[in-house]
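Engineer: The structure's right below; bear with me while I get my questions together.
The values are calculated or read from the model by the stated rules, or taken from the named source; none is laboratory data. Remember, it's a predicted structure, so these values are computed and weren't measured experimentally. Backbone-built Cβ (ideal geometry, glycine too); neighbour counts: all protein chains shown. Remember, those area values only see protein heavy atoms, side chains included, never the ligands or the DNA or RNA. Shrake-Rupley method; radii C 1.70, N 1.55, O 1.52, S 1.80 Å.
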Amino acid sequence: MHGHRSWSERVLDGLLGDPEAPAIISTTTHAAQTWTNAELLGMATAAMRDLDACGVPTGECLPALLTTRP
């Protein structure tokens, strides 16, 4: 549909907004930990560089293992 932004585009827009805003907030009964937009974008950039270094072609589909923590 024309005019609708994808989920990925919306996430990237959020990360490129306020770099110091919290992107992830993790809480336990003893503490809270946050990662800023800049930190999360940096982690994603590092992962992209690792994939490039391994020769993974742009646009290649990759399986993803997700955790509850960055």
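Engineer: Hey, can you tell me all the residues within the stretch 49-70 that are at pLDDT below 90 and among the aliphatic types (A, V, I, L, M)?
Structural biologist: If the condition is that a residue be at pLDDT below 90 and among the aliphatic types (A, V, I, L, M), then 62, 64, 65, 66 are the ones that fit.
Residue by residue, here is whether (1) open to solvent by 90 Å² or more (accessible area, probe 1.4 Å); (2) not hydrophobic (A, V, I, L, M, F, W, C) holds:
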residue	(1), (2)
11	no, no
17	no, yes
22	no, yes
25	yes, no
40	no, no
51	no, no
55	no, yes
58	yes, yes
67	yes, yes
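Engineer: Looking only at the stretch 1-46, which residues are within 19 Å of residue 67 (Cβ to Cβ), assigned to a loop (DSSP other than H, G, I, E, B) and of a type in the set (Val, Ile, Thr)?
Structural biologist: 28
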